Structure formats: structure tokens, C-alpha cells
């Protein structure tokens, strides 16, 4: 990892997918993870910058980080 954020337990690459697919796929993957697990999501849909934090807030997951690297948006989410 190139930053100080916690390591991830799982990686979800949703590059090329448009709203609402990045959030729906993240939701499905998080449901399959143990509580406290960290999911790293890589998306290219600009709407994910709004949708992913909203999804985390509504579902009770912790959005640990949200960064943009070029065309990619990278999220680290801790499962509730």
C-alpha cells in the first residue's frame, strides 16, 4: 500500500461499471465479509464519489478513506 490506511481484507475492482453497480457490488461483497473486515473498492464512475459515502452512512459501515488517483476512485470500507 502506498498510504497509511489499514491493509484490506478483500479487493473489489468495479472499474468501467456505472451507477448503481459499484455500490450494489460493494454491498454484496461486504455482506459476505466478517464484521470488521476492510474492503478496498476501485471504481471509475465519478458518481461513486457521492454514492459510496452515502451507502456507507446508510448501512452503518465505516468509510476509512476515499481518494482519487487519476481516473480511479479508491475507497476503503470497514464492514459494520
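Any read-out appearing in this document is the output of simple, stated calculations on the displayed coordinates, not a laboratory observation. All of these numbers come straight from a predicted model, not from anything done at the bench. Neighbour counts run over all protein chains shown; Cβ positions are idealised from the backbone, glycine included.
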Run the simple label-point estimate for residue 24 and residue 80 please: 7 Å along Cα→C-beta, distance reported in nm. 2.1 nm
Can you figure out the FRET efficiency of residue 57 with residue 13, using R₀ = 22 Å and their beta-carbon distance, to the nearest 0.05? 0.40
Once residue 49 and residue 67 are pulled to full extension, the length gained, defined as 0.36 nm per residue separation minus their Cα-Cα distance, is 5.6 nm
If the viscosity is 1.306 mPa s and the temperature 10 °C, what translational diffusion coefficient in µm²/s does Stokes-Einstein give for segment 38-80 when Rh comes from Kirkwood over Cα pairs? 156 µm²/s
What is the spread of the Cα atoms of the chain along each of their three principal axes, largest first, in whole Å? 29, 27, 18
Mean separation of Cα contacts under 8 Å (6+ apart) over length of the chain, as relative contact order %: 34 percent
Estimated [θ] at 222 nm from DSSP helical runs (n ≥ 4, -39500 (n - 2.57)) normalised by residues in the chain, nearest 500: -9000 deg cm²/dmol
